[in-house]
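The values are calculated or read from the model by the stated rules, or taken from the named source; none is laboratory data. All values reported here derive from a predicted model rather than from experimental measurement. FYI the Cβ positions are ideal-geometry reconstructions off the backbone, even for glycines, and counts take in every protein chain you see.
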Amino acid sequence: MCELVDFTVRYGRTTALDNVSLRICPGERVAVVGPNGAGKTTLLRALAKNSPAAVVPQTIPADLAMTARDFTMLGRTAHLSAWRAPSKRDVEAVEKALASVDALTLADRRMDAMSGGERQRLALAMALATEAPCLVLDEPVAHLDFRRRDEFFALLSRLDKTILMALHEMPFDTGFFTRAILMSSGRIVADGDPGQVLSEENLSAAYRVPVKVSLTRAAHVCGDSVASSVGI
């Protein structure tokens, strides 16, 4: 479990989180949704710092000159000593992580030969190698096309982990999430069942634009309008 109580974060005169209280229970899959500057990333960082969580990087540099297996081993850094080679347990954790994201066939390929979707899978593998019970993901599908996004969510759905995910766009399928947190101006404005939290009224207030909730799979924030699939 991770928890924040009356938590505030300020950067100079800017308040990134304003007196936030929140508890995340084991096994929850939580979508943190809101416009740019809402405080989503700051909230995830605070929760990760206060819990045994592994952070999945949003992007991986395209020019990494190392194999996928060596990259995934970076997730074991906290367990490694500078004076010894990885242990059998380290190696097993890495192989299990690669298998969990269907990346064993990529293990000996260099990272700079990977596609964006493959690098994102390996970012998840690196986090899984830590064996932390909670995964924190900050807009992990922002640079993926629709097919790769679906594949990424399919991978996540097979994991027995607590998942905290910040999303700029609305979730494509709220059935994946057990909970949604809607943020605006550093505050939580709604928290609970995704179908209720991501309502037209709540989204319109948070994004400060008229929002139309539809049953389409597309989810975009474009100009003065927001279209979202929230499963209702």
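For the subset of the range 127-146 comprising residues that are at pLDDT below 85 and surrounded by fewer than 19 Cβ atoms within 10 Å (Cβ to Cβ), which member is nearest to LEU43 (Cα to Cα)?
Of the residues in the range 127-146, the ones at pLDDT below 85 are 141-146.
Now restrict to residues that are surrounded by fewer than 19 Cβ atoms within 10 Å (Cβ to Cβ): 142-146.
Details: ALA142: 18, HIS143: 21, LEU144: 23, ASP145: 26, PHE146: 26 Å.
That would be ALA142.
Of all residues in the range 93-115, which are assigned to a loop (DSSP other than H, G, I, E, B) and of a type in the set (Lys, Arg)? Across the range 93-115, the qualifying residue is only ARG109. Whenever a residue of the range 108-123 is within 18 Å of GLY75 (Cα to Cα) and hydrophobic (A, V, I, L, M, F, W, C), its partners that are at pLDDT 95 or above and surrounded by fewer than 14 Cβ atoms within 10 Å (Cβ to Cβ), lying with C-beta atoms within less than 9 angstrom and at least six residues away or across chains, give the pairs MET111/MET66.
Residue-level check: of (1) surrounded by fewer than 14 Cβ atoms within 10 Å (Cβ to Cβ); (2) not in a strand (DSSP E or B), LEU64 misses just (1). Candidates ALA154, ALA166: the one that is surrounded by fewer than 20 Cβ atoms within 10 Å (Cβ to Cβ), of a type in the set (A, V, I, L, M), closer than 30 Å to VAL211 by Cα and in the same structural domain as ASN36 (by TED's automatic domain parsing) is ALA154.
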